[in-house]
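Contents: one structure, followed by commentary.
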Amino acid sequence: MTEISETHTRGLKDRRADALGDLRLLPDEIILAILASLGARDVSRLACVSSVMYILCNEEPLWMSLCLNNVKDHLQYKGSWKKTALLQEHMPNGYIEPCEKPLHFDGFNSLFLYRRLYRCHTTLDGFTFDNGKAERRKDLSLEAFCHEYDGKKPVLLTGLADTWPARSTWTTDQLLMNYGDTAFKISQRSSRKITMKFKDYVSYMKVQHDEDPLYIFDDKFGEVAPGLLKDYSVPHLFQEDFFDVLDRDQRPPFRWLIIGPERSGASWHVDPALTSAWNTLLCGRKRWALYPPGRVPTGVTVHVNEEDGDVNIETPTSLQWWLDFYPLLADEDKPIECTQLPGETIYVPSGWWHCVLNLETTIAVTQNFVNSKNFEFVCLDMAPGYHHKGVCRAGMLALDKGSFENGKIDAFCDKDGLNHPDLTRKEKRVRTYQPGKDPDNQSARNGACKSYDLWNQDFYYDINFLSVFLDQEKDHYSSLWSSSNCIGQREMREWLCKLWVGKPGMRELIWKALVIYQRHCGICELPLFSADEIFHGGLLFILTPISTHPPWHQLIHNMTTACARCETVGKWLERTAQICTFHGLPPPTDDERLPVGTGSNPISSTKGDGRSRKGALPVPARNELVITSSCLSEQVYLISDSVVKLFVEGGLEASIHSLGAELEFYSLLCKVNSPLKDHIPDVLASGILFLDNGSYTIVPWDGKGVPDVIAKCNLVPAKCMEDGFSFGVWSKKDFEYKKAGASTYESISSAECAGIWPYIITKRCKGKIFARLRDTLPRDDVLNLASFLGEQLHNLHILPHPSLNDSIHLSLDNGFMDEISDKIGIPAEWEIFIRTLARKRKDVSSRLTKWGDPIPSSLMEKVDEYLPNDFAKLLNIFQDENGQDKVNKPCCWIHSDIMDDNIHMEPCRISSCLTTPATDSCLTGNGSADGCTEEVSWRPGHILDFSDLSIGDPIWDLIPIHLDVFRGDPCLLKQFLESYKLPLVRRTSQNGLEHDDKFRRLSYHAMCYCILHEENVLGAIFSLWKELKVAKSWEEVEETVWGELNNYDGFC
């Protein structure tokens, strides 16, 4: 209405209706958002449609977005974003020159465009402001900092950078002279990683008029310009950093070079993983605004994904917030503010919201860190789930009334009637706080705004309070790892293990953080006493809340009940110690009391990384309380030169079958003297640990027969041989068949089965797993690994498998005769494989729907059409010259889980003066041979963890190798196949493939197995090949991922 009336007042006809047609109904910002999704050429064409469309299509912020989304090399600004974008499209100069002389039209007004134009050209000379809420301190001692500020409130510090060379050398002119040709990373709202040479960036800064200018925000500046690291040092107040135990390539981004012109800055955010930060300004002036944890700034919206806890924050630019939102705030709702001057350092505690606006060209350096004050918060933020992530950032607004267990969250809701947003299945939106609704003004808390305590009076940025909101239904064994976490799952476990070993004086704190990190299944335990106090006298739970606030008392009953289900790591350590004593192994040392995770990865470097598919995590290693439950996977301990693995995952029935099949395989391996034996860790012992009248008892077991303790649990397979492998691979296949496709499987359990743990002891290898080395190995070494895997899979797949005879009774009941075709003869060993696939097919749609993103929904709808109705066709059955049905595929042992953490690499020292690798005996004390120069390379040595053994199609083994080890690299798959040298389909005069062309494709076989896999293999596929998210068919996915298989000679 305003725009139209102004136009009529001037006597001009409003162009909007005629120029936009039906699009006139849309606000300008919506039209521009649509235009931003198009390409530069399409926008150029639309500019010719009408006068108003010309105006909209010539907006510089629009062309800035189009340009940044299409950068392919270092960005070079050409004076305007439209000209820069068109040059990227290689447009002829004849089309570009008219851009410099834009047309002008009367009769059109846009408040949206005017505001944006104002922000693009506003100056901030008079923007300096300091309301006195931020404290300034000089010559602050470490003791005073820890007591008054660390983890509590922000502070501006002077004098910390007085001796830095950067105080005089970090100016625009000096940096331009020394690093003009160095390319730095640019922070902008673009999905692409953008870099600019510093000389080009300085040229851009001098002429730009952007409302949100490009901003150098480079976490790799120390690598591209190492000389800059010599110009400053970490201030003495911030030198404690727990991430420093990690190798440089493992630790998350932690330091940034920050350079930006007037109007640039950082919009509202909370630092990653709830870390703390310091920021030292070397040049220019910065305006800061800060809110305490849980206080969402006006204009900001927080999203937390329910599936993986991913946190996304929608916020205006820092300039837009100060111009459009800040003036609306009442004095009591305004943030802590200050203007940072050159040489000053600001400290931002964990969890604090902050926003920064550059008032002029600024140069700064900042680092995030983890210390003893925020360590538990960092571990909490890494825990699976989403409730706690939202509460840490948005306070009680993150929770819908009644969303917490048993409705107890009502006790935490604001008594003055704060509204809480509704929850959707995939994503929760946290509404922004509306200021000015509270009549009272309470005293500021830790220097916070006056209304903070009243606004969120039931919220405490306290680790025990926040731990209450850990999701009951999420656990670290099976939950997705949040993509917003600053560190990966493997690196997180590595970090905690290194801290445990490298900082023994911090173990009490590390233990508390681990308890928080691993808490799940509704268990809320409060580590308020020392480990020794809690464990003294057995399993003793002492719950004395830190706060006397009413909500604690209302939740205490639930927490006490939950704690009653706790296990202790001390118990697992005690069980492991019993096994060590029985087999004459040394007891675990202090450094060996941490389980390395799951799986049987016998690694030796810094306690290693025992990731399994479900990603269990290391746990505390003293006699202390820990959160655990029936969803535990294998517990793996590294003891001296041995690896002790206790089977837990899936209950006793699954555990005894995993160990039984593994022992049967090892027995066969020794009997046939396969060369594969040299590349599998030796088995030293195996048995069953169980509780008998309150005491631990151990029964050695080599896999044969049925131990009495197992017989009492009614787990004896039908028709089993007393001297055979009763729980061998065929019994395991039968067990898997009974579970396949069932929504719930009732595993046999009783009171007698509760305290029984099968275990195996293997020899510990020296070296590192491939996962730790993959990013540093040269290409030739990775190709050698592919060849090694091909050779060892060849050896595995030619091993004879046990015969399927009457001693094993398979559960192929008549209730599932429709699972496979009855028109052809299928050998018994293939029948159970095919029937299991058929059962998995029955619920494939629901499984894919449950996994969700990144699997495209359009493909989920087509999965039933893609999969065969009769899986027997995958066997390519044909009749031989005698009329007998034959399967055209080999049936063999399959490992099922050869991933990057199940491949062990050995160090190989190569000397320039020797023609053969140097042995350890020829090395001097410093690791080199006398008179020789040596380098350490790595070669594959062992394949680990055979607890997922099965029998079936060898193509099944290619899935984890190609997707996890090779990361989809077709060249590595080709190298693997060249060494494998076995046909994946046997060559015969009867091809047996005439019934359907798709069954001729090995790629089709592999793709079907991926879809039916019990693990989310498809999630890995669509994460590796992001372009497949828009695939139109499963055939397109199949060809992209597995097309190389169809070129394999073994198929001919």
Requested in this report: May I ask you to say which residue of 640, 655, 667 is among the hydroxyl-bearing types (Ser, Thr, Tyr) and on the phi > 0 side of the Ramachandran plot?
Outcome: 640
Report task. Can you give me the number of residues within the stretch 145-203 that are surrounded by fewer than 18 Cβ atoms within 10 Å (Cβ to Cβ), touching a helix residue (DSSP H, G or I) at 6+ places or on another chain (Cβ under 7 Å) and over 30 Å from residue 77 (Cα atoms)? Result -> 1
Report task. Return the residue satisfying two criteria in turn: it lies in the stretch 732-761 and is open to solvent by less than 60 Å² (accessible area, probe 1.4 Å) and among the hydroxyl-bearing types (Ser, Thr, Tyr), and of such residues it is modelled with the lowest pLDDT. Result -> 750
Requested in this report: Could you look through the stretch 262-279, keep only residues that are of a type outside the set (Phe, Trp, Tyr), at pLDDT 95 or above and surrounded by fewer than 24 Cβ atoms within 10 Å (Cβ to Cβ), and pick out the one that is farthest from the chain's Cα centre (by Cα)?
Outcome: 279
Report task. Output the qualifying pairs, or none if there are none: Cβ atoms under 9 angstrom, residues six or more apart or on different chains, first residue in the stretch 172-190 and modelled with pLDDT of 95 or more and assigned to a helix (DSSP H, G or I), second residue hydroxyl-bearing (Ser, Thr, Tyr) and open to solvent by less than 30 Å² (accessible area, probe 1.4 Å). Result -> 175/182
Query raised in the report: So residue 299 clears everything in (1) modelled with pLDDT of 90 or more; (2) under 22 Å from the mean Cα position of the chain (by Cα); (3) over 26 Å from residue 161 (Cα atoms) except one condition, right? Which one?
Result: (2)
Query - Scan of the stretch 1020-1034 for residues that are open to solvent by 10 Å² or more (accessible area, probe 1.4 Å) and either touching a helix residue (DSSP H, G or I) at 6+ places or on another chain (Cβ under 7 Å) or not in a loop (DSSP other than H, G, I, E, B) (or both), ordered by number - result: 1020, 1023, 1024, 1025, 1026, 1027, 1029, 1030
**Report entry** Leading residue by the ranking (modelled with the lowest pLDDT) among those in the stretch 878-914 that are farther than 24 Å from residue 826 by Cβ, open to solvent by 20 Å² or more (accessible area, probe 1.4 Å) and not in a strand (DSSP E or B)
**Finding:** 914
Report task. Quickly run through the stretch 284-330 and pick out the residues that are farther than 24 Å from residue 262 by Cβ and among the charged types (D, E, K, R). Result -> 295, 306, 307, 308, 310, 314
Query - Filter result for the condition that a residue is on the phi < 0 side of the Ramachandran plot and open to solvent by less than 10 Å² (accessible area, probe 1.4 Å), over 254, 238 - result: 238
Query raised in the report: residue 314: within 23 Å of the chain's Cα centre (by Cα), open to solvent by 20 Å² or more (accessible area, probe 1.4 Å) and either of a type in the set (Phe, Trp, Tyr) or over 26 Å from residue 463 (Cβ atoms) (or both), yes or no?
Result: yes
Query raised in the report: Pairs, please: C-beta under 6 Å, at least 6 apart or cross-chain, first residue at pLDDT 80 or above and of a type in the set (Lys, Arg) and in the stretch 823-835, second open to solvent by less than 50 Å² (accessible area, probe 1.4 Å) and assigned to a helix (DSSP H, G or I)?
Result: 835/819
Query - Of all residues in the stretch 932-972 being of a type in the set (A, V, I, L, M) and open to solvent by 10 Å² or more (accessible area, probe 1.4 Å), the one that is farthest from the chain's Cα centre (by Cα) - result: 936
Report summary line: Only one of 774, 779, 764 is open to solvent by less than 40 Å² (accessible area, probe 1.4 Å), of a type in the set (Lys, Arg) and modelled with pLDDT of 90 or more, namely 764
Query raised in the report: What single numbered condition from (1) at pLDDT 75 or above; (2) open to solvent by 10 Å² or more (accessible area, probe 1.4 Å) fails to hold for residue 721?
Result: (1)
Report summary line: Scanning the stretch 782-816 for residues that are open to solvent by 40 Å² or more (accessible area, probe 1.4 Å) and modelled with pLDDT of 90 or more, the one farthest from residue 676 (Cα to Cα) turns out to be 783
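The values are calculated or read from the model by the stated rules, or taken from the named source; none is laboratory data. The structure displayed is predicted, hence computed values, not measured ones. Every residue, glycine as well, gets a Cβ built from its backbone with ideal geometry; the counts of neighbours run over all protein chains shown. The protein model used for the area step is the full one, side chains on, heavy atoms only, and it has no ligands, DNA or RNA in it. Shrake-Rupley method; radii C 1.70, N 1.55, O 1.52, S 1.80 Å.
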